[in-house]
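Just below is one structure, and these are the notes that go with it.
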Amino acid sequence: MGSFTSRNEFPVDGRTVLITGGSSGLGLGAARQLSSQGANVIVVARSAEKLEAAIKQIKLDARFPESQRFRTIVADVRVAAECARIIDVATAWNGDAPPDVVWCCAGSAHPSLFVDTPVEQFQAMMDSNYFSCVYIAHAVLNVWLRPSARSPDGDKGSPQAEGKGRPPARHLIFTGSFVSFYSFAGFTPYSPSKAAIRSLSDSLSQEMNLYAAAQPHAPCIRVHTVFPATMPTQSLDDENKVKTDLTKSLEEGDQILQPDECARRAIAGLERGEELVATSTIIRLVMTSVLGGSIRGGLFKGLVDTLLGWVVIVVMVFIRWDMDSKVAKWGREHGASGMLCHPQAFT
């Protein structure tokens, strides 16, 4: 008797994947694993040096090194015109066919107390995390949904698109954060940009139904957001340089995952067809308490998430009370700077 194998909702063998922020962290981990599954990989970052080092690792993981193709693009995804150029370059390189998968991993964090944050950082957070996703999404969706004369069918170059019926789905993937669902002291400059990504993902997910119904022979477009756990990367080291001791104390007990493991869990969720992909148990639980109108992956999963959400909502009341108590206690004992052994501020 053969064993039951669930359908892979995220096949990448022979398809082309573009990853922004692909020179390090989650982006590099995802690029390497998708390369090992047979994908052609394009990685985008601002540093040519880091990209060259990354692409060497990605090529070493190739499943079919003799046939898979790889490309780097140096660009700044905080600029709309650059994002349009990325998609143009990727499409031309891919035989005049747009990439099948676009994964937005680029981003940065400046976790500091609100009043201590340089005002320009608020715009920087939105540019780096939110608008970088908006600009890439706008560029690639216009190519996917309104194919140019150069690529009239929108599927040229995708092996699985040949044959009868609707071609395999295309995938647009954003990268959120635990603070997309629940923020706390010290993440105020950063968390709104990640919450905005989740909102963007939810609304685009529903909007894509319009095109799927109106264009029954074109590939469906699936929109996902991955919520990675904390990863021990250079970015985390940089964050900790500006993070207050108070914020660090509130983060104690966070689950730490290596980028490769985080990428593995994210890809596994995509393969299961999840649109919101949690990479740790705590993120999964907190996510259920704030799903609202987010897609839940079918009736059964929706019921499970709803039941979990009811439980977690009650638990979150106590978690919020506990966090508020810790912040207030810190203020009484250490002052308003958020730091230990620091002159008291706002006294």
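The values are calculated or read from the model by the stated rules, or taken from the named source; none is laboratory data. Predicted, not measured: the structure shown is a model, and the values here were computed from it. Note that we place each Cβ from the backbone using ideal geometry, even for glycine, and neighbour counts take in every protein chain shown. What goes into the accessible areas is simple: the full protein's heavy atoms, side chains included, and nothing from ligands, DNA or RNA. Shrake-Rupley method; radii C 1.70, N 1.55, O 1.52, S 1.80 Å.
Pick from 267, 256, 221: which is touching a residue at least 24 places away in the same chain (Cβ under 8 Å) and surrounded by fewer than 16 Cβ atoms within 10 Å (Cβ to Cβ)?
Residue meeting the stated conditions: 256.
Taking residue 253 and the conditions (1) within 14 Å of the chain's Cα centre (by Cα); (2) outside any helix (DSSP H, G or I), which numbered condition does it fall short on, given that it satisfies the others?
(1)
Sort through 193, 205 and tell me the only one that's touching a Phe, Trp or Tyr at 6+ places or on another chain (Cβ under 7 Å) and either farther than 23 Å from residue 117 by Cβ or surrounded by 17 or more Cβ atoms within 10 Å (Cβ to Cβ) (or both).
193
Exactly one condition in (1) buried (at least 24 other Cβ atoms within 10 Å of the Cβ); (2) outside any strand (DSSP E or B); (3) without any contact (Cβ under 8 Å) to a residue 40 or more places away in the chain is not met by residue 52; state its number.
Failing condition for residue 52: (1).
Yes or no, residue by residue, for (1) under 16 Å from the mean Cα position of the chain (by Cα); (2) part of a loop (DSSP other than H, G, I, E, B); (3) at pLDDT 95 or above:
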| position | (1), (2), (3) |
| --- | --- |
| 152 | no, yes, no |
| 173 | yes, no, yes |
| 183 | no, yes, no |
| 240 | no, no, no |
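Specify which of the listed residues (305, 260, 254) is more than 20 Å from residue 179 (Cα to Cα) and touching a helix residue (DSSP H, G or I) at 6+ places or on another chain (Cβ under 9 Å).
It is 260.
Run residue 99 past the list (1) at pLDDT 95 or above; (2) in contact with a Gly (Cβ under 9 Å, 6 or more places away or on another chain); (3) over 22 Å from residue 260 (Cα atoms) and report the number of the one that doesn't hold.
(2)
Every residue in the range 77-112 that is more than 11 Å from residue 135 (Cα to Cα), open to solvent by 10 Å² or more (accessible area, probe 1.4 Å), aliphatic (A, V, I, L, M) and in contact with a helix residue (DSSP H, G or I) (Cβ under 8 Å, 6 or more places away or on another chain), please.
106, 109
Among the numbered criteria (1) under 20 Å from residue 316 (Cα atoms); (2) assigned to a loop (DSSP other than H, G, I, E, B), which one does residue 247 miss?
With respect to (1) under 20 Å from residue 316 (Cα atoms); (2) assigned to a loop (DSSP other than H, G, I, E, B), residue 247 is out only on (2).
Looking at the range 321-342, can you tell me whether even one residue there is at pLDDT 85 or above, surrounded by 14 or more Cβ atoms within 10 Å (Cβ to Cβ) and under 28 Å from the mean Cα position of the chain (by Cα)?
Checked the range 321-342: at least one residue is at pLDDT 85 or above, surrounded by 14 or more Cβ atoms within 10 Å (Cβ to Cβ) and under 28 Å from the mean Cα position of the chain (by Cα).
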